[in-house]
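A quick write-up on the structure given underneath.
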Amino acid sequence: MSDLEAVIGLEIHCQLKTATKLFCSCQARSGDEPNSHICEVCSGQPGALPRLNGRALWLAAKAGLALGCQVQEVSIFSRKNYFYPDLPAGFQTSQLDPPVCLGGALSIGPEDDPLLIRLNRIHLEDDAGKCVHDEARGQTLVDLNRAGTPLIEIVTEPDLRSSAQTAEFLKKLHALLVHLEVTEGRLEEGEFRCDVNISLRPRGAAWFGTRCEIKNLNSFRHAAQAVAYEAVRQESLLAQGLEVSQETRLFDPVRQETRSLRSKEEAHDYRYFPQPDLPPVLISGEMLEKIRAEMPEPPEKVKARLKGLGLTDEQAERLLDRRRAAEYFDAARLALEEPKRLATLMVELLLPACQRAGLDPPDCRLAPRDLAALARLMADNTLSRRAAYEIFPELFEKGGDPAAVAAARGLLQVSDSGAIEALAAEAIAAHPEEAEKYRQGQEKILSFFVGQVMKKSRGAANPKLAGEVLAGLLNQ
Amino acid sequence: MPIDLKTVRHTAELARLDPGHGLSPDEAEAALAKLADELAGIVAHIDILSEAETSGVEPLYSPLIEAPAPREDRPADCAHIEEILRAAPDRVGNFYVVPKII
Amino acid sequence: MSELYHLTLSEAREKLLDREISASELTAACLGRIERSEPEIRACLTVMAEQAVQTAAELDRRGPDPERPLWGLPLGLKDLYCTKGVRTTAASRMLENYVPAYDAHVVSKLKEAGAVLMCKTNLDEFAMGSSTEFSAFGLTRNPWDQSKIPGGSSGGAAASVAAYQTPGGLGTDTGGSIRQPAALCGCVGLKPTYGRVSRYGILAFASSLDQAGPLARRVRDVAWLLKVMAGPDDRDNTCSTRPAEDYPSAAPGKLKGLRLGLPQELWEARLDPDVAEVVKKAFAALEAAGAVLIPMAMPNLRYSVAAYYILATAEASTNLARFDGLRYGRRSEKPRDLTELYTASRSEALGPEVQRRILLGTFALSAGYYDAYYQQAARVRRLIRDDYFQALDRCDFLLAPVSSLPAWDFGRFAHDPVTVYQLDLMTLPVNLAGLPALSLPAGLGPRSGLPVGLQLIGRPFDEMNLLGAGLAFEEAFPPLL
């Protein structure tokens, strides 16, 4: 790869976080019984007409604003015509010219030397249904639950140069869109998937080589692997004096290779034209103002703010990676201004638990103020680190006051010298003979008194402190 | 603009139509040629469009003057899924069935 | 003329509300008329006799309701409107056994308004044609002369109304499909402004041109039907949010001083002598009544047939892509693979005219031809609309022929699609511009004895005044039915 460079552009399909489909009121949710979320519109019945979901438009514009795009005052939907069993109307409703957003960019790389990846456009479109191949009976089963689900397609300029950059860009874009609540972004559900266009050329050349398109990559790792494989494949073709043929390829994650799906000759003629069933899509300045007003802090700003609070780079990133983690963190800080301690608890305990449970932090049972309470118990030595870890699963599962949970399990350390003093005084008063013996020099008897205090505190007193307090009282 | 056999064949493929469907190869060829003639005849009349002076004219795709705002994102259950599925020529459970996709 | 089925819609309506007749009596009379006339006219693809009798009985049980504008009135529906539980074919083999899961918006409105739905009427397959000869299920005959076509594509609707099967019916008009059969059968037909009536649940031919509308025997009758059909529908994003107006209350306009624009490009076209003669008399009568006839140059109308046949077929080619034999409709037997399933199902079940138009539209949108055809046609469309707007600035309404020919013999243009397309010149420019137009009978041709029509064209959403002018015309030119 010394004298060649890869030129990479991406087309990312991102499912919008809406309750309903793009053009009908069916629920936009996958994973249910086949064809249980269909109606005459999304199943392509004769006479049915689309009606645009305003929320989807809102979210597309929001993504555009966050990515610095020019959000178009007027855009139009077009029909993209082709036949496929998962496409009930015989066309996809997409946008060609103009789309909802033009331009924009997202930077990757170090903050002091960022690499700007330009965006070409963002457009709205509806998703297709799903085909399940029944090999045994030689037939294909079609489920239209996903048909009509709203997507935005984000198209980048060919500004990426490596698999590492590709993965970094995708990760950052994903985190941003999740952070904005534009998408749920569940990769395993295909809610954020991309096509990669890649070609090679001599390093620094101004022209483009023949490119291949690798379809439907739904993890950052696969995207990076596909780019890496494809760059090597194309390089070896060129090294042998062969040509790269323009084609569409699929990535096989098991074999770690791409293979040809169809050549350019078989390319479709989609016959795009303006969708006559839908009026032009209008976005007013007023609407953009409202979107701006609900826009959360951008991730870079959140990160800078977190680091300003003393969090490490890694802690800040971990909080940004998990959707709404920063929101939870900020809520906890309202109860306890100990950012570092809270971040540690979140990174080590809360976020892994949320990950396993598939929950966003604000949706879990453990309220931010209770996490703050837990941190406070640790800070004032009432609860040992080990005890905190021990009670955390229960707290996460059931919620509640950590002090009560710890007390119920007898894990609280009473480090309040006033409380211990009272217990110690009681113990001395109840055992005057032993006290006398101590004063006469039998110092070993102190451990008897410590035992008494521990008993009275039901094991919660800090034993070292109890000893000190007892010695002080006995020596008076 | 001429519309030749090759164009007609390509257009028919795009439209998933086969003018010679169910005919012998010779008949199919004749049917295609006849269709090409008909379409060429129509297109010859339509070519009058090229005479219209349209430079600087914005295309008008729809005579729509006023349109409603987009709808709210509120789900509604479809009350007639079974009636929709009942119209299917072939189904397994609630799936539509088609021949295997190669 | 003493039979109940001879009553006009407005007459029947009054008698129903006054309890002079019952819904069941009227329904029975119309069903009887259908039964006797159908063997000759063949206007209906499906007769919903049992359902109609039941509906009428139910209405009678509850009694007349003035809040329901179409209470007890038997109506026909072009078989392009989806009717829940009732076969809807579009006159295509493809949908021979298709039973929709839902009602078209307009159908729901008719039901709410108390109408008795009687029959699904014949049409050219998917509304593509001007004579109803392209129906996959046989010809419909013109009640005036059974050797003639009834016009199309809403030929079944017009013939049904002209044969007194029902006092009114619903059609659709993409390039004249309500107005031309209305004229050829001596009925009144209205194509409303684009966006005045919801298209939801009406099988789409060309989405930017299609508009549903009524046919009946009187102007006031179509006003009653429009009152129920028109108005917002949040399921059609191209349907206006303007509420419907009280069209039946339209006051008759005055012919005196009425300024009528005559589009020269249409009047100078070759008209059949019968048509020319009826029109000549009509012009004389209008001028005698004080109307002012103003010739108008609308130079871009000469491109309208070409623009229409590109735009309409382009939209149709993708509107009809859903008819693939996968989710409903006819599927070819034992296809070898998926591609053959598509191709065979479509080739077997779609008729030749439909296939021809799909191919033309596919061609117009395909790579390399889009700019010269589709895009250019869309630019021309704007020029045509501008011609209309300018002309309408200089007059109250435009007045045009509806058809250059009276009803013609079956098969006359069977091998000449281009000529048939040219015949639509009189009607289709109005669809390109999205304007409302009212087709009215003007008299009988002296040679043929067949009806000849005229159309009034108005400004967008000006149906109220258009109907008012129609009432004035109706006084000058007595109804033929």
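Before moving on, here are some points about what is shown:
- With the biggest extent put first, the Cα atoms of segment C:1-148 measure 43, 37, 22 Å across the principal axes.
- Estimated 222 nm signal from helices in the protein assembly as shown, with DSSP H stretches of n ≥ 4 weighted -39500 (n - 2.57), rounded to 500: -11500 deg cm²/dmol
- Residues in segment C:394-407 carry Karplus couplings, in order, of 9, 7, 7, 9, 9, 10, 9, x, 9, 8, 6, 10, x, 3 Hz; the curve used is 6.51 cos²θ - 1.76 cosθ + 1.60 with θ = phi - 60°, and Gly or Pro positions show x.
- Around A:E286: net Lys/Arg minus Asp/Glu count, Cβ-Cβ under 12 Å: 0
- Loop-located GluC sites (Glu not before Pro) in segment A:91-141, at most 11 other Cβ atoms within 10 Å (DSSP): A:E111, A:E135
- Going from the residue with the fewest nearby Cβ atoms within 10 Å to the one with the most, A:T166, B:T54, C:T193 rank B:T54, C:T193, A:T166.
- Placing R0 at 60 angstrom, the Cβ-Cβ distance between A:K455 and A:L250 gives a FRET efficiency of 0.25 after rounding to 0.05.
- FRET efficiency estimate (nearest 0.05) - Cβ-Cβ, A:L309 to C:D393, R0 60 angstrom: 0.30
- Of every Cα-Cα pair in segment A:1-91, the percent that sits beyond 16 Å: 70 percent
- Normalised alpha carbon radius of gyration of chain A [divisor 2.2 N^0.38 Å]: 1.35
- Beta bridges assigned by DSSP with both partners in chain A are antiparallel in approximately 90 percent of cases.
- Each label was represented as a point 7 Å from its Cα along the Cα-to-Cβ direction; for C:K256 and A:R292 these points are 6.2 nm apart.
- Listed by chain and number, the lysines whose C-alpha is less than 22 Å from the C-alpha of A:K301, apart from same-chain residues fewer than 8 away, are A:K62, A:K171, A:K172, A:K290, A:K340.
- The calculated FRET efficiency for the pair A:D134 and B:H10, based on their C-beta separation and a Förster distance of 30 Å, comes to about 0.40.
- The gain in end-to-end length when the A:R186 to A:R369 segment is fully stretched comes to 63.1 nm, 0.36 nm per residue minus the alpha carbon separation.
- Under Stokes-Einstein, with the Kirkwood radius over Cα pairs as Rh, the value for chain C at 10 °C and 1.306 mPa s is 72 µm²/s.
- Taking every C-alpha pair closer than 8 Å and separated by at least 6 residues, the mean separation divided by the residue count of segment C:76-221 gives a relative contact order of 23 percent.
- Semi-axes of the equivalent ellipsoid for segment A:1-152, Cα gyration tensor, largest first, Å: 32, 21, 14
- Sequence-ordered 3J(HN,Hα) estimates for segment C:50-64 from the Karplus curve with 6.51, -1.76 and 1.60 and θ = phi - 60° stand at 4, 4, 5, 4, 4, 4, 4, 4, 4, 4, 4, 4, 7, x, x Hz, glycine and proline given as x.
- Cα centroid separation, segment B:59-90 to segment A:322-372: 42 Å.
- Prolate/oblate/rounded call for segment A:262-304, Cα gyration tensor, a/c under 1.5 rounded: oblate
- A Cα-only calculation for segment A:417-474 places Rg and Dmax at 10.0, 30 Å.
- Within chain C, DSSP assigns beta bridges of which about 65% are antiparallel (rounded to the nearest 5).
- Among the residues of C:431-438, the average count of other protein chain beta-carbon atoms within 10 Å of the residue beta-carbon is 1.
- Near A:D127, the amide H atoms lying under 5 Å from its own belong to A:G148, A:T149, A:L151; only residues 5 or more places off or on other chains count, and H is placed 1.01 Å from N.
- Mean shadow area of segment A:297-408 over all directions, Cα convex hull, nm²: 6.3 nm²
- Computed over the alpha-carbon atoms, the protein assembly as shown gives an Rg to Rh ratio of 1.13, Rh here being the Kirkwood radius from the mean inverse distance.
- In sequence order, segment C:268-276 has phi-based couplings of 7, 5, 6, 9, 4, x, 4, 5, 4 Hz under the Karplus curve 6.51 cos²θ - 1.76 cosθ + 1.60, θ = phi - 60°, and Gly or Pro positions carry x.
- Compared with the dominant Cα axis of chain A, that is its longest principal axis, helix A:163-179 is turned about 70°.
- Stretch in chain B that is longest and holds no GluC sites (Glu not before Pro) that DSSP places in a loop and that have at most 13 other beta carbons within 10 Å: B:1-52
- Taking the C-alpha atoms only, the angle from helix A:285-294 to the longest principal axis of chain A is near 30 degrees.
- Across segment C:234-359, counting alpha-carbon atoms alone, Rg and Dmax equal 23.8, 71 Å.
- Leading residue at positive end of dipole, chain A (Cβ point charges), from A:F91, A:L309, A:G68: A:L309
- Charges were assigned to the Cβ only: +1 to each Lys and Arg, -1 to each Asp and Glu. The resulting dipole of segment B:1-57 about its Cα centre is roughly 180 debye.
- 30 Å tail of the calculated P(r), segment A:4-286, as % of Cα pairs: 33 percent
- For segment C:177-254: rounded, prolate or oblate by the Cα gyration tensor [a/c cutoff 1.5]: oblate
- Shape category assigned to chain B from the gyration tensor of Cα positions, a/c cut at 1.5: oblate
- Based on the reciprocal of the average 1/r between different C-alpha atoms, the Kirkwood radius for segment B:5-48 equals 10.9 Å.
- In this structure, the amide hydrogen of C:I294, modeled 1.01 Å from its nitrogen in the peptide plane, lies closer than 5 angstrom to those of C:L260, C:G261, C:L262, counting only residues at least 5 positions away or on a different chain.
Quick note: the coordinates plus some simple rules give every number you see, no bench work behind them. Model, not experiment: these values are computed from the prediction. All Cβ positions, even for glycine, are placed from backbone atoms using ideal geometry, and neighbour counts span all protein chains on display.
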